[in-house]
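The values are calculated or read from the model by the stated rules, or taken from the named source; none is laboratory data. Note that the coordinates shown come from a computational prediction; the quantities given were computed from them, not determined experimentally. All Cβ positions, glycine included, derive from the backbone under ideal geometry; neighbour counts span all protein chains shown. All accessible areas refer to the heavy atoms of the entire protein, side chains included, with ligands and DNA or RNA removed. Shrake-Rupley method; radii C 1.70, N 1.55, O 1.52, S 1.80 Å.
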Amino acid sequence: MKQLSTKVTSNAHGQDSSYFLGWEEYEKNPYNEIKNPNGIIQMGLAENQLCFDLIETWLAKNPDAAGLKKDGQSIFKELALFQDYHGLPEFKKALAEFMEEIRGNRVTFDPSKIVLAAGSTSANETLMFCLAEPGDAFLLPTPYYPGFDRDLKWRTGAEIVPIHCSSSNGFQITESALQQAYQQAQKLDLKVKGVLVTNPSNPLGTMLTRREINLLVDFISSKNIHLISDEIYSGTVFGFEQFVSVMDVLKDKNLENSEVSKRVHVVYSLSKDLGLPGFRVGAIYSNDEMVVSAATKMSSFGLVSSQTQYLLSALLSDKKFTSTYLNENQKRLKIRQKQLVSGLEAAGVTCLKSNAGLFCWVDMRHLLDTNTFEAELQLWKKIVYEVKLNISPGSSCHCTEPGWFRVCFANMSEDTLHLAMKRFKQYVESTDSKRMISKSSHERIKSLRKRTVSNWVFRVSWTDRVPDER
């Protein structure tokens with residue numbers, strides 16, 4: 001008799017992906033400056049550890065928030081008994097205002113349309129349950145975050161159909177790619193319920209252009225389907241460009257209160273912008289009342305704790321702090337990203353030009369032995385096991401071109417990043433040296449064979465001439 005469900009016994013979770021396997025290798029042999037200096041450096045984890053000092057300073061100045069006090073009086077019992085899955089009103093208000101601030105206060109978010117969830121993983125899965133039946137499909141542009149194979153499909157039964165994007169235009173979404181993905185879903189007899197994008201992109205580290213977002217809104221409008229915009233990296237945009245949200249485009253197109261706006265949903269989290277993945281704070285924003293109602297009921301399976309909401313409502317309500325934090329966070333991300341790019345360039349490796357996120361999309365195609373995904377995995381294994389750096393191969397992100405890798409830069413100290421770049425440069429130089437030796441040996445052998453053949457031809461020719469000369 002079968003005792004376990006197929007969800008337990010199948011590998012549909014995606015844990016066998018090289019993305020997760022790299023983590024497992026790191027956990028067996030983690031780098032530590034003192035205890036394990038030859039261990040694996042984790043560059044496959046998109047954590048933001050650059051601004052903890054700012055949050056810790058705020059906590060020291062605001063002991064009531066962390067101490068679960070209000071006006072000096074304990075509210076521990078009140079918070080301990082709070083179970084309303086709608087969430088603390090003051091937290092949802094503060095979160096809505098923080099989301100507005102990140103978008104330059106050009107758009108507004110109604111706190112009553114926010115559904116709290118235990119991180120963006122829970123938020124995205126909840127939306128899948130709300131919008132799709134088992135077997136229905138969502139279109140996702142490649143490359144995309146490897147965890148989506150788990151988050152969107154594993155428990156919901158939904159399917160993913162890739163929108164194939166190319167390095168020829170910086171992996172931007174095109175109308176032809178959208179149409180081809182839609183047609184492919186139809187060939188597979190899959191009902192397309194929507195498109196899901198990450199903006200800024202994970203793993204590209206780039207923002208969607210206004211043209212791309214307009215294209216997406218027009219596409220989902222014409223097909224009468226949904227658009228989920230996962231904007232958990234919206235506060236990591238650095239440089240001179242401002243983050244452009246799907247909410248900006250809806251406003252520009254005068255679609256804020258339209259039927260189309262009811263099919264546009266935003267996912268947000270504090271895991272990346274504030275660097276608080278362990279707090280498990282995610283959110284869904286939707287203009288569809290039925291989605292908000294159903295998602296709120298589903299949030300019972302993944303609530304944000306009341307003490308976390310209380311602490312963060314105080315933090316996010318401090319406008320002086322949020323303004324300082326966002327500016328400083330962006331400055332530090334820009335500096336750290338430049339350090340990674342410079343380190344890679346010193347090794348002769350370039351990246352896709354980016355201005356957001358906690359990672360770079362790195363072009364290592366010239367380091368492949370052959371232009372295949374098998375060669376990509378071989379290179380990845382060398383980097384993990386020999387160079388001792390855990391990075392994510394493009395194939396784990398469903399990239400259609402072998403040789404691209406996601407490399408994270410914000411989850412380690414500056415010294416650790418320098419060490420990682422030193423290791424990588426040494427590996428590339430060693431590889432180049434071996435290739436030069438191999439090439440030189442090959443050319444010598446080729447030259448020797450050529451000379452041998454020439455001598456043989458000469459001898460044969462001379463022998464052939466002898467009778468004539470006699």
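With respect to residue 4, is the statement that it is touching a residue at least 60 places away in the same chain (Cβ under 8 Å) and among the aliphatic types (A, V, I, L, M) true?
When the stated conditions are applied, residue 4 does not pass them.
Residue by residue, here is whether (1) under 18 Å from the mean Cα position of the chain (by Cα); (2) surrounded by 15 or more Cβ atoms within 10 Å (Cβ to Cβ); (3) among the basic types (Lys, Arg) holds:
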residue	(1), (2), (3)
156	no, yes, no
187	no, no, yes
193	no, yes, yes
225	no, yes, no
232	yes, yes, no
243	yes, yes, no
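Here is a yes/no grid of residues against (1) under 25 Å from residue 121 (Cα atoms); (2) in contact (Cβ under 8 Å) with a residue 40 or more places away in the chain; (3) not assigned by the TED database to the domain that holds residue 387:
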| residue | (1), (2), (3) |
| --- | --- |
| 14 | yes, yes, no |
| 24 | yes, no, no |
| 27 | yes, no, no |
| 33 | no, yes, no |
| 38 | no, yes, no |
| 48 | yes, yes, no |
| 69 | no, no, yes |
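Please pick out the residue among 292, 304, 267 that is touching a strand residue (DSSP E or B) at 6+ places or on another chain (Cβ under 7 Å), in a loop (DSSP other than H, G, I, E, B), of a type in the set (A, V, I, L, M, F, W, C) and touching a residue at least 40 places away in the same chain (Cβ under 8 Å).
304
Looking at region 377-409 only, could you name the residues that are of a type in the set (S, T, N, Q) and out of contact with any Lys or Arg (no Cβ under 6 Å at 6 or more places or on another chain)?
Correct list: 378, 390, 395, 396, 400.
Return yes or no: is residue 355 assigned to a loop (DSSP other than H, G, I, E, B), open to solvent by 10 Å² or more (accessible area, probe 1.4 Å), under 17 Å from residue 202 (Cα atoms) and assigned by the TED database to the domain that holds residue 32?
The answer is yes for residue 355.
Report those helices (runs of 4 or more DSSP H) wholly inside region 1-93 carrying at least 2 residues which are farther than 24 Å from residue 152 by Cβ, open to solvent by less than 70 Å² (accessible area, probe 1.4 Å) and modelled with pLDDT of 90 or more.
18-28, 52-61, 63-66
For region 347-374, give me the residue count where each residue is of a type in the set (A, V, I, L, M, F, W, C), within 29 Å of residue 273 (Cα to Cα) and out of contact with any strand residue (DSSP E or B) (no Cβ under 7 Å at 6 or more places or on another chain).
Of the residues in that region, 1 qualify.
I need a count of the residues in region 94-119 that are surrounded by fewer than 16 Cβ atoms within 10 Å (Cβ to Cβ), in a loop (DSSP other than H, G, I, E, B) and of a type outside the set (Asp, Glu).
Of the residues in region 94-119, 4 are surrounded by fewer than 16 Cβ atoms within 10 Å (Cβ to Cβ), in a loop (DSSP other than H, G, I, E, B) and of a type outside the set (Asp, Glu).
Tell me, yes or no, whether region 210-217 has at least one residue that is within 28 Å of residue 271 (Cβ to Cβ), open to solvent by 10 Å² or more (accessible area, probe 1.4 Å), among the basic types (Lys, Arg) and in contact with a helix residue (DSSP H, G or I) (Cβ under 7 Å, 6 or more places away or on another chain).
Yes, region 210-217 has at least one match.
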